[in-house]
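Scroll down for the structure; my scribbles are underneath it.
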Amino acid sequence: MSASREPPPGARADWTIDQAWDRYTDAEHQVWLKLYERQAALLPGRACDAFLKGLEALDLNRGGIPDLKRINVELKRLTGWSVVAVPGLVPDGVFFEHLANRRFPAGRFIRDGAHLDYLQEPDIFHDVFGHVPMLTDSVFADYMQAYGRGGLRALGLDHLHHLARLYWYTVEFGLMATDAGLRIYGAGIVSSHAESAFALDDPSPNRLGFALERVMRTRYRIDDFQQVYFVIPSLEALRAATLQDFGPIYQRLAKASDIAIATVLADDLVITLGTQAYAKAKAAATQ
Ligand code: PHE
Ligand code: CO
């Protein structure tokens, strides 16, 4: 997401491009396979059921980078969503317009095989493996569309920085409490080998109960593992919490201060009080 720009040459007015699936090289398909196999081995017992079910329904391991045309047949049938290819990050308004119409924009390109864990911009593995399985769940599918509509509204109201934090701490880095224990549903986690372990097992980060306004006040970091994860009781609860009109919330937030990443407040529901050892060691090493 970024400021308003013109689409790059070759892209349509809505920033979409043809995936041109035939033009992926063998080496690019191999990168997908490697990433897929690594994550598929790790995620059972870590990702939530909706994600694992979606992954299976979409059959994303058919020998390489998936053809979006094929995925879209099943995705449309299940929840009415589709995936469209884009060259890279798109402007906020364009992104929200797609979501509001049940289209998920996915980067066409795939990361370099020599740097499997390094990403400057979301690629097709993050976007399709990470995001699309959740879009097969009808509750999450509705949440994402509502988010798109809410995004267009927040843009107009100048509260995008607050709404963006909700996306970050749910769609990208969300955890869920289940009877079997904590599970991942955030795309930024399930598409990252290292963070799929860190988010659930490492003693460093705080894991706090999801509270809408609290989340919207909390800063986030884009350069390393998260220092706090917010835990929803269920997708249904997330949808219910975000159904309300955000107008009055934005008015309150305009007067509220931001919350620093590692802060724990007196009324937080603390699931894990993190040691922050990982973030502290990193900060010390880069001084
Ligand atoms: N209810 C929000 C509003 O009034 C829209 C929204 C829904 C935002 C779901 C995010 C997620 O703006
Ligand atoms: Co993402």
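The values are calculated or read from the model by the stated rules, or taken from the named source; none is laboratory data. Remember, predicted model here, so these are calculated numbers, not experimental data. All Cβ positions, glycine included, derive from the backbone under ideal geometry; neighbour counts span all protein chains shown. Calculation scope for accessible area: heavy atoms of the full protein, side chains included, ligands and nucleic acids excluded. Shrake-Rupley method; radii C 1.70, N 1.55, O 1.52, S 1.80 Å.
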Inset, instruction - Can you send over the carbon and sulfur percentage of the accessible area for the chain, probe radius 1.4 Å, protein chains only? - result: 53
Legend entry - Helix-derived mean residue ellipticity, 222 nm - over the chain, DSSP H n ≥ 4, -39500 (n - 2.57), to 500: -12500 deg cm²/dmol
Legend entry - Surrounding net charge for Glu121, when Lys and Arg each add one and Asp and Glu each subtract one, Cβ distance under 13 Å: -1
Legend entry - Cα-Cα P(r), region 177-216, percent of pairs per 10 Å interval: 26, 53, 22
Legend entry - Burial order of peptide ranges 148-157, 274-283 (average beta-carbon count within 10 Å, highest first): 148-157, 274-283
Inset, instruction - Mind pulling up the Rg/Rh value for region 220-287? Radius of gyration and Kirkwood radius, both on Cα. - result: 1.04
Inset, instruction - At a 1.4 Å probe radius, which order do Glu74, Glu56 fall into by accessible area, largest first? - result: Glu56, Glu74
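Take every DSSP beta bridge with both residues inside the chain and express the antiparallel ones as a percent of the total, to the nearest 5. Don't skip to the answer; put the middle values down first.
Values: 7 of 21 bridges.
DSSP beta bridges in the chain are roughly 35 percent antiparallel.
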Legend entry - Inter-probe distance in nm under a simple model that places probes 7 Å from Cα toward Cβ, at His29 and Asn61: 1.7
Legend entry - Projected area, mean over directions - region 130-173, Cα convex hull, nm²: 2.9
Inset, instruction - Name the most mobile residue of Tyr185, Tyr229, Tyr220, meaning the one with the largest mean-square fluctuation, in a Gaussian network model of the chain with Cα contacts below 10 Å. - result: Tyr220
Legend entry - Kirkwood Rh and Cα Rg combined as Rg over Rh, evaluated for region 49-102: 1.00
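Taking Cα pairs under 8 Å and at least six residues apart, what relative contact order does the chain come out at, in percent?
17
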Inset, instruction - Apply 1/(1 + (r/R0)^6) to the Cβ-Cβ distance of His193 and Arg221, taking R0 = 25 Å, and write down the FRET efficiency to the nearest 0.05. - result: 0.85
Legend entry - Highest-MSF residue in the chain out of Gln244, Gln19, Gln30 [GNM, Cα springs under 10 Å]: Gln244
Inset, instruction - Report the percentage of all Cα-Cα pairs in the chain whose separation exceeds 25 Å, rounded to a whole percent. - result: 47
Inset, instruction - Putting +1 on Lys and Arg Cβ atoms and -1 on Asp and Glu Cβ atoms, find which of Ala40, Thr25, Trp15 reaches farthest to the positive end of the dipole of region 1-45. - result: Ala40
Legend entry - Translational diffusion coefficient (Stokes-Einstein; Kirkwood radius from C-alpha pairs) of region 137-287 at 4 °C, 1.567 mPa s, in µm²/s: 81
Legend entry - Residues of the chain: accessible area per residue with a 1.4 Å probe, Å²: 46
Legend entry - Dipole magnitude of the chain about its Cα centre (Cβ charges: Lys, Arg +1; Asp, Glu -1), debye to nearest 20: 400
Legend entry - Proximal lysines relative to Lys53, as straight alpha-carbon distance under 18 Å, when same-chain residues fewer than 8 apart are discounted: Lys76
Inset, instruction - With no solvent and one equal point scatterer per Cα, compute the Debye intensity ratio I(q)/I(0) for region 1-144 at 0.14, 0.15, 0.16 Å⁻¹ and report its log10, rounded to two decimals. - result: -0.66, -0.76, -0.87
